[in-house]
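Have a look at the structure below before the remarks.
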Amino acid sequence: MTPNQYPVVILAGGSTPEKILETGESEKERAFINIAGRPMLGWVLDAFTGSKICSDLFVIGNPDRIVSEFGLKPEQVTHDRGSMMQNFIVGIEHFKNHPLVILATCDIPLLKSSMLDELAEQCSAIDVEVFYPIVDVRLFDEKFPGGKRTTQKLKEGTFTGGNVFLFKPEAVLKNRARIETVIRDRKSPAKLVRLFGLPFIMKFALRQLDLNGLENKATQILGAKMRGVITPYPEIGLDVDKPEDLEIVRKVLGHA
């Protein structure tokens, strides 16, 4: 492994979203939804194996189908544990002795190798423990009009999150309990106020936060130094959760 190569964990478990199944989609496993003649996971695997940054792969999902379809070694695949947090921890444990690990989801088929190389280069110059890519929503709307994303307005602009993360396993495992608490309580306003404090929540609600303030509070709460990395590639944030997402990626890759 060269200094600029990292092991990669891909979360490829889970069912096809109900809203997509309701449109007539027959594939029950999210990773194997057909995109332009091949499973969605295949596009993501290609992005990593074709990049300069991937030293090793570990995929969490359906081992039998993944090994059969993509020719991975059995030791490169493990079964879905049933929740994103459990799968996340399994992936971290697998590469816990590495200084930096990349984690991605299987539902971002427009991801390209060059985007990963550039993102990793951006992160290599920053000394933090967790990197989270964010995209200016204007870029997203320009490239994929009609796509709906979860966004947050900050002083610097309105952003949507990406689905590729870089982190130091030691820092995440050390602060596992805190991270699990935030994930568990993320949909409870009362619990979030206790975690983050009312002044922070008010600034958040009134859109008076800047990116640095958000990073500092996340670092304080999670116990790991975090940084939001602005990327110009909306493809990193286009995950296939809804029928309109599936329509977009099939259209793009069908004409690639």
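Annotations for the structure displayed:
- Listed by position, the strands (runs of 3 or more DSSP E) enclosed by region 2-91 that each have at least 2 residues that are at pLDDT 95 or above and over 18 Å from the mean Cα position of the chain (by Cα) are 77-79.
- Filter pass, Leu154 being at pLDDT below 90, surrounded by 14 or more Cβ atoms within 10 Å (Cβ to Cβ) and farther than 26 Å from Val101 by Cα: yes
- Entry remark, region 92-110: residues being in contact with a Leu (Cβ under 9 Å, 6 or more places away or on another chain) and either closer than 28 Å to Asp245 by Cα or in a loop (DSSP other than H, G, I, E, B) (or both) number 12 in total.
- Region 1-37: number of residues that are in contact with a Pro (Cβ under 9 Å, 6 or more places away or on another chain), within 21 Å of Leu72 (Cβ to Cβ) and either crowded, with 20+ Cβ neighbours inside 10 Å or of a type in the set (D, E, K, R) (or both): 8
- Tabulated pairs, region 65-91, first in contact (Cβ under 8 Å) with a residue 40 or more places away in the chain and closer than 18 Å to Phe165 by Cα, second assigned to a helix (DSSP H, G or I) and of a type in the set (Lys, Arg), C-beta under 7 angstrom, 6+ apart or interchain: Ile89/Arg176
- Checking each residue of region 204-212 against the condition of being charged (D, E, K, R), over 30 Å from Arg30 (Cβ atoms) and without any contact (Cβ under 8 Å) to a residue 60 or more places away in the chain gives at least one match.
Results for (1) in contact with a helix residue (DSSP H, G or I) (Cβ under 7 Å, 6 or more places away or on another chain); (2) surrounded by fewer than 19 Cβ atoms within 10 Å (Cβ to Cβ); (3) among the β-branched types (Val, Ile, Thr); (4) modelled with pLDDT of 90 or more, shown as yes or no for each residue.
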{"position": "Phe131", "(1), (2), (3), (4)": "yes, no, no, yes"}
{"position": "Glu142", "(1), (2), (3), (4)": "no, yes, no, yes"}
{"position": "Gly161", "(1), (2), (3), (4)": "yes, yes, no, no"}
{"position": "Glu180", "(1), (2), (3), (4)": "yes, yes, no, no"}
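The values are calculated or read from the model by the stated rules, or taken from the named source; none is laboratory data. Nothing here was measured: the structure is a model prediction, and the numbers come from that model. Don't worry about glycine lacking a Cβ; one is built from the backbone with ideal geometry, like all the others, and counts go over all protein chains shown.
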